Structure formats: C-alpha cells, structure tokens
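Structure first, then comments.
Every number in this text was worked out from the coordinates using simple rules, so none of it is lab data. Just so you know, these numbers come straight off a predicted model, no measurement behind them. Methodologically, a virtual Cβ is constructed for each residue, glycine included, from the backbone with ideal geometry; neighbour enumeration extends over all protein chains shown.
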Amino acid sequence: MISAEIAEKIKAGAKIKVWEKIKEADKTRLSKFEGLVLGRKHGKESGASFTVRATVAGVGVEKIYPLHSPMIDKVEIVSSPRKVSRSKIYYIRTRSKKETRQKLGA
C-alpha cells in the first residue's frame, strides 16, 4: 500500500520507482519499474490509478498501476517536476528523451 504522503506526490512529470510484487509459482519476488508519470486518474478514489512510462531496451513501455493495489510494495519519488502545465502529459509519447528533458525542465 502507498502512504497518503507519497500518493500526494505522484503527479504528472514526476520520476518514480515502483516496487511491485510478482508471484512466480509458489514464490514472490520484488521487481522495480522506474519511469516518468504521465498522468493520474480518479484522484483518491478506490479505483484511482497512475500511468508510468519508461524506455526499456530502446522501446517505450507503459504500465498502469492501481493506486491502492496490494501488489505494490513501495513507491519512491526520484524527482518531482518543476513545472508541468498539464495534468496528463501524453504528448511525451511522441517526443525524444532530449525534447522531454527540455519541456519538463529536468
């Protein structure tokens, strides 16, 4: 579960690390996914979620995580955005990494 303090900091433009539990056969392990938050939906509701985008082996990968999922072990905020003028930054999908850094001021 994510604490309320961390949940407030998950917003568009933030770079985060999500540690999720993955069940393989009878064992569970932790897997880290680090990326940029594109958006957050439904605020603090029980069905709230956030989208994280990362580039893995040259391919863009997006994962959508439920905010109140028991499969999320912890979330670390790597950096918080200085200035983002939109609540959902889906336009980042079409930008290069250099253009993204310039646009977000990172």
### Query
Any idea which of Ser85, Tyr65, Val75 is furthest toward the positive side of the dipole for segment 63-106, if Lys and Arg beta-carbons carry +1 and Asp and Glu beta-carbons -1?
Ser85
### Task
In whole Hz, with x marking every Gly and Pro, tabulate ³J(HN,Hα) for segment 80-90 from phi via Karplus 6.51 cos²θ - 1.76 cosθ + 1.60, θ = phi - 60°.
9, x, 6, 8, 10, 8, 10, 7, 10, 9, 5
### Message
Which of rounded, prolate or oblate describes the chain when judged by the alpha-carbon gyration tensor and an a/c cut-off of 1.5?
### Response
oblate
### Message
With an 8 Å Cα cut-off and a minimum separation of 6 or more residues, compute the relative contact order for the chain in percent.
### Response
32 percent
